[in-house]
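As structure tokens, the structure follows; a few thoughts come after it.
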Amino acid sequence: MMHISQLLADNLSYMFSFQTGQMYMRYFMWNFAGRQDNEDGQLGGRNGAWLSGIKPIDAVRLGNQTNLPPSITENKAYNRFFFLPLIIGLIGAVWHFKRNQKDAGIIGLLFVFTGVAIVIYLNSVPIEPRERDYAYVGSFYAFAIWIGLGVFGLRDWIFQKLSPAKAGVLASLLAVLAVPVLMATQGWDDHDRSDSHVAHDMAVNYLESCAPNAILFTYGDNDTYPVWYAQEVENVRPDVRVVNLSLFTADWYIDGLKRKQNQSEPLPLTIKPEQYVAGTRDVMYYQDFKIAQHVELKDILEVLLSENNQDKATMSDGSKYNILPTKNLKLTVNPKQVLDTGTVPKEDAGKIANSMEWTYAGNYVSKGTLALFDILTHNNWERPIYFTNTMPKDQYVGLDKYLYTEGMNKRLLPLKPDSAVSENEELINPKPMFNNLMKVYAYGNIKNANHLDRQSADDVTYVSNMFGGLLTKLIDEGKINEGKELVNKYFQVIPNRFYTMRHVVSTFYVTESLYRLKDLNQANALISKSAEHINKELSYLADVSESKNQLASEQNVRIYLTYLAQMVKLTQTFKQYELSKKIENQYNGLINRFTPFAAG
């Protein structure tokens, strides 16, 4: 009984604190009190919080607000409404219920059933893919009605000593200034996307990265739907066949890939409809048959498609299912075929592997993976194969050491693994990647856009990391002139301000390359800007920690301090002693401020 009551208490606590508090009231206050930034705040902490702009009041919840950092003040979503829309809406609600309970009750029901009732109905899980504020917009509309009725409340109660005409005018003027005018001036800039076209340009980049007649594997919505738009509406690269791995487990989707689409011929799929129809081979589990050597993928495919009971495992209910007998896979490579199809240029003929050997990264084979194996087996390198760079690593099915980054995509290449490259190090194909970054890609105007939403801001880091990775590779190969060209392109493309912590971190590796290129002026300027940004962010977190008497945003503090310490070492390594000492003093000062909380 005690266990049941505790479980009930935990569930109610979760519903009120997270589902109703964090995932509804926070959104409500964004709209009618104010908003700190456009960061994802589902997990609490200082990101994605609501605030009013009245610093003493905000400090009670959020800690010392005296020295706000650039991540807030430079964020266009830093919207301060000073509680005014909320106050006028509450005045309107009270006036409405006093004046006409029946009508007010109808608005109240609309407010509750499109707000808190939806919270209960949807039963939000702890981590959603993104913020869900749009699910409750009906309740915000209902509250907006009360804001409108708040004019009458202001007239009757605040300006009651004036004549009805004067009271009405003043109440209307106050309401207009406190709500639509204030909200427009604060909120217009972070809703203006007119100068940003990141999604479009990135979609085109995915397609233009590919060699003719390529197969491009994508994964989620964000890197698929814009690509489909670019192909189907703007007719960009209709020769590329886009394959969404999230849909690859559906029999109807596999059916479509076996047909011609636009200028793309059917994919090299040999599996028959009866072998992959819904309910057949949905999941095939791995059972270790202790096979030491790598097995040809063609033979594995035959086992997975076999109707022989000896190739199947018997389940507890007596049914039989195909299994994966080993994770050690192999694809024999015909060098002539690879050269003839242009997969590998002739000057790199000596790098072609006799066979690709890898360990499958999973404990089961889905229907989509089965189809992928079929394509790998029967493609014969006739069509270039790419995976988008942003998909989860497990979608590469263990082929990582044969996937070479050429920009926004990784290309499957049958090259001998480089023993000098560590397991987690990114493989780069520098020649096509340099061409893509310098000549092919457009960057969505990320440098000059009025506002970048959170996803687009993340793409700034993505682009910065692409430049940083290629720049390091070019310098390692002694291609100094190309490296300098890439640096110029980097500063033409990347925004001057920092959008995210990840963006700040990405500049460290660019700075290191600038020092290696002996470009001391730009290197010192970039590292100084990064260090100053980090100093402001950490000073704010120190203020909050001291006012709350506990460490604020521990992960951010640790990451920023780690990179600040690395900046000290980097500047020392390249003999920038004065700058190094300045950064070291900042670091030591911050360490002293955070030490009492870290020790606790």
If each part is reduced to its alpha-carbon centroid, the range 345-373 and the range 475-543 end up apart, in Å, by 36
For the range 127-239, size of Cβ-based charge dipole, Lys and Arg +1, Asp and Glu -1, in debye: 1000
For the range 253-345, the dipole about the Cα centre with charges only on Cβ (Lys and Arg +1, Asp and Glu -1), to the nearest 20 debye, works out at 180
For every helix of n ≥ 4 consecutive DSSP H residues, a contribution of -39,500 (n - 2.57) applies; sum these over the chain, divide by its total residues, and give [θ] at 222 nm rounded to the nearest 500 deg cm²/dmol. -15000 deg cm²/dmol
What shape does the range 250-338 take by its C-alpha gyration tensor, where a ≥ b ≥ c are the square roots of the eigenvalues and a/c under 1.5 counts as rounded, a/b above b/c as prolate, and the rest as oblate? oblate
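Between Lys320 and Ser355, take the C-beta separation as r, use R0 = 25 Å, and let me know the FRET efficiency to the nearest 0.05.
It comes out at approximately 0.20.
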Tell me which trypsin sites (Lys or Arg not before Pro) from the range 340-389 have a DSSP coil assignment and no more than 12 other beta carbons within 10 Å of their own. none
For the chain, longest principal axis from Cα atoms; helix 84-99 axis from its Cα atoms; angle between them, nearest 10 degrees, is 60
Positive-end residue, the range 160-243 charge dipole about Cα centroid, Cβ charges, pick of Trp188, Ser172, Leu162: Leu162
Heads up, the range 206-266 by the C-alpha gyration tensor (a ≥ b ≥ c square roots of eigenvalues; a/c under 1.5 rounded, else a/b over b/c prolate, else oblate) looks oblate
Among Thr326, Pro430, Thr595, whose Cα sits farthest toward the positive end of the charge dipole of the chain (+1 at Cβ of Lys/Arg, -1 at Cβ of Asp/Glu, about the Cα centre)? Thr595
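Which links in Lys367/Lys431; Lys298/Lys393; Lys447/Lys548; Lys336/Lys431; Lys431/Lys569 stretch past 26 Å when you go from one Cα to the other? Before the final figure, lay out the partial values.
Details: Lys367/Lys431 35 Å; Lys298/Lys393 24 Å; Lys447/Lys548 37 Å; Lys336/Lys431 22 Å; Lys431/Lys569 32 Å.
Flagged as over cut-off: Lys367/Lys431; Lys447/Lys548; Lys431/Lys569.
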Mind listing the Cα extents of the range 486-547 along all three principal axes, in Å, largest one first? 45, 20, 14
With the dipole of the chain worked out from charges on the C-beta (+1 for Lys and Arg, -1 for Asp and Glu) around the Cα centre, which of Ala552, Leu412, Thr500 lies farthest toward the positive end? Ala552
Averaged across orientations, what area in nm² does the convex hull of the alpha carbons in the range 463-517 project? 3.3
Using only the alpha carbons of the range 542-598, determine the length spanned along each of the three principal axes and report them from longest to shortest in whole angstroms. 40, 17, 13
Once amide H atoms are placed 1.01 Å from N in the peptide plane, what residues at a sequence separation of 5 or more from Leu162, or on another chain, have their amide H within under 5 Å of its amide H? none
Based on alpha-carbon centroids, what's the gap between the range 326-340 and the range 386-445 in Å, whole number please? 19
Quick one: which of 573-580, 438-445 comes out on top by average Cβ neighbours within 10 Å, and what's the full order, highest first? 438-445, 573-580
Using only the alpha carbons of the range 142-187, what is the convex hull's orientation-averaged projected area in square nanometres? 3.2
Quick one: which residues, 5 or more positions from Leu324 or on another chain, have an amide H under 5 Å from its amide H? H modelled 1.01 Å from N in the peptide plane, none for Pro or chain starts. Tyr285, Tyr286, Gln287
Normalise the Cα radius of gyration of the chain by 2.2 N^0.38 Å (N = residues in it) and let me know the number. 1.17
For the range 448-600, what does the relative contact order come out to in percent, with C-alpha contacts under 8 Å and a separation of six or more? 20
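With +1 assigned to the C-beta of every Lys and Arg and -1 to the C-beta of every Asp and Glu, and no other charges, what is the dipole magnitude of the chain about the Cα centre in debye, to the nearest 20? Before the final figure, lay out the partial values.
Values: 60 positive and 63 negative charges, 287 e Å.
Computed about the Cα centre, the dipole is about 1380 debye.
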In Hz, Karplus ³J(HN,Hα) per residue of the range 444-461 (6.51, -1.76, 1.60; θ = phi - 60°; x = Gly, Pro): x, 6, 5, 6, 10, 4, 4, 8, 10, 5, 4, 5, 5, 5, 4, 5, 4, 5
Given the C-alpha centroids of the range 16-41 and the range 190-267, what is the distance between them in whole angstrom? 35
Calculate one ³J(HN,Hα) per residue across the range 508-518 by plugging θ = phi - 60° into the Karplus curve 6.51 cos²θ - 1.76 cosθ + 1.60, and present them in order as whole Hz with x for glycine and proline. 4, 6, 5, 4, 4, 5, 4, 5, 5, 7, 6
Using a 1.4 Å probe, what is the accessible area per residue for the range 179-330, in Å²? 51
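Enumerate by residue number the trypsin sites (Lys or Arg not before Pro) in the range 234-292 meeting two conditions: DSSP loop (anything except H, G, I, E, B), and at most 16 other Cβ atoms within 10 Å of the site's Cβ. Intermediate values should be presented prior to the final figure.
On the way: sites: Arg241, Lys258, Arg259, Lys260, Arg281, Lys290; in loops: Lys258, Arg259, Lys260, Arg281, Lys290.
For trypsin sites (Lys or Arg not before Pro) across the range 234-292 that sit outside H, G, I, E and B with at most 16 neighbouring Cβ atoms in 10 Å, the list reads Lys258, Arg259, Lys260, Lys290.
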For the range 233-243, in order, what is each residue's ³J(HN,Hα) by Karplus, 6.51 cos²θ - 1.76 cosθ + 1.60 with θ = phi - 60°, in whole Hz (x at glycine and Pro)? 9, 9, 6, 7, 6, x, 7, 7, 9, 8, 10
I'd like the orientation of helix 137-153 relative to the chain: the angle between its Cα long axis and the longest Cα principal axis, in ° from 0 to 90, rounded to 10. 20
Beyond 21 Å, what share of the Cα-Cα pairs of the range 441-535 is found? Please give it as a whole percent. 29
How big is the range 1-132 along each principal axis, measuring the range of its Cα positions in Å and listing the largest first? 47, 47, 26
Distant-in-sequence amide H partners of Thr405 (H built 1.01 Å from N, under 5 Å): Arg411, Leu427, Ile428, Asn429
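The values are calculated or read from the model by the stated rules, or taken from the named source; none is laboratory data. This structure is a prediction, so every number in the text was calculated from the model and none was measured. Please note: Cβ atoms are built from the backbone with ideal geometry, for glycine as well, and neighbour counts cover all protein chains shown. Ligands, DNA and RNA are stripped out before the accessible areas are found, and what is left, the full protein with its side chains, is counted by its heavy atoms. Shrake-Rupley method; radii C 1.70, N 1.55, O 1.52, S 1.80 Å.
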